[in-house]
Amino acid sequence: MNKSIKAAQGGFTLIELIVVIVILGILAATALPKFASLSGEARLASLNAAKGALSATSAMTHGKYLVTPSNSITVEGTAVAMHTTSGYPAVTTKASAQSLAEAAGLSAADYKVYVAGTGVKEPTLTANSGIFAVVPNSIVGTDAAAKCFVLYTTPTAANTAPTITVGGGTNALTVSECE
């Protein structure tokens, strides 16, 4: 009356573990390139949002200027310098550029403001030209910062809106330029 009881298997064999690891490796190798460019896409989307914020702020300050002309318009507790000919925000110094960026909700924790740059590791800008650039802090000091930015140009003629572009060129900025 001897009954033979088989012991239940207690774990995985070495072959099963190796097969699972190989399958996970293949999946990771095919999925990684798909997720690698997400940071560039996120940066580009962030710059488009910054462009919209600057556009909205300049339009809002222009509206306030039309109602009550002044050298300075206060937005969200921040004084924004105004160009008295065009009635839009003016950028004459780094402080005026930072004030406009702050009024647009572009915090120093997320973006760096440039009013002059060499174009090597930052946008190419001439000092005191009425132009400033906003670069995401995540790429400040890298080669991408020279290409991946929002550019604000102060209008100097009456009834002329500011020029706000993503990237400095005439072509649309690509994701690869922001990686």
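Miscellaneous remarks
- Residues that are at pLDDT 90 or above, in a loop (DSSP other than H, G, I, E, B) and of a type in the set (A, V, I, L, M, F, W, C) within the stretch 120-147 comprise just one, VAL140.
- Every residue from the stretch 76-87 that is in contact (Cβ under 8 Å) with a residue 24 or more places away in the chain and either under 23 Å from the mean Cα position of the chain (by Cα) or under 28 Å from SER138 (Cα atoms) (or both): GLU76, THR78
- Filter result (more than 26 Å from the chain's Cα centre (by Cα), farther than 26 Å from ILE131 by Cβ and hydroxyl-bearing (Ser, Thr, Tyr)) within the stretch 22-75: THR30, THR68
- Residue match in the stretch 122-138 (condition: in contact with a strand residue (DSSP E or B) (Cβ under 7 Å, 6 or more places away or on another chain) and over 23 Å from ASN48 (Cβ atoms)): no
- Annotation note: of ALA157, ALA127, ALA108, ALA144, the sole residue that is buried (at least 20 other Cβ atoms within 10 Å of the Cβ) and of a type in the set (A, V, I, L, M, F, W, C) is ALA144.
- Counted residues, the stretch 56-99 - those being under 12 Å from ALA161 (Cα atoms), buried (at least 19 other Cβ atoms within 10 Å of the Cβ) and not polar (S, T, N, Q): 6
- Qualifying residue in the stretch 73-94 (condition: modelled with pLDDT of 90 or more, part of a helix (DSSP H, G or I) and not charged (D, E, K, R)): no
- On inspection, ALA157 passes the criterion of being closer than 25 Å to MET82 by Cβ and assigned to a loop (DSSP other than H, G, I, E, B).
The values are calculated or read from the model by the stated rules, or taken from the named source; none is laboratory data. None of the values given here were measured: they were computed from a predicted structure. Glycine also receives a Cβ, built like all others from the backbone with ideal geometry; neighbour counts cover every protein chain displayed.
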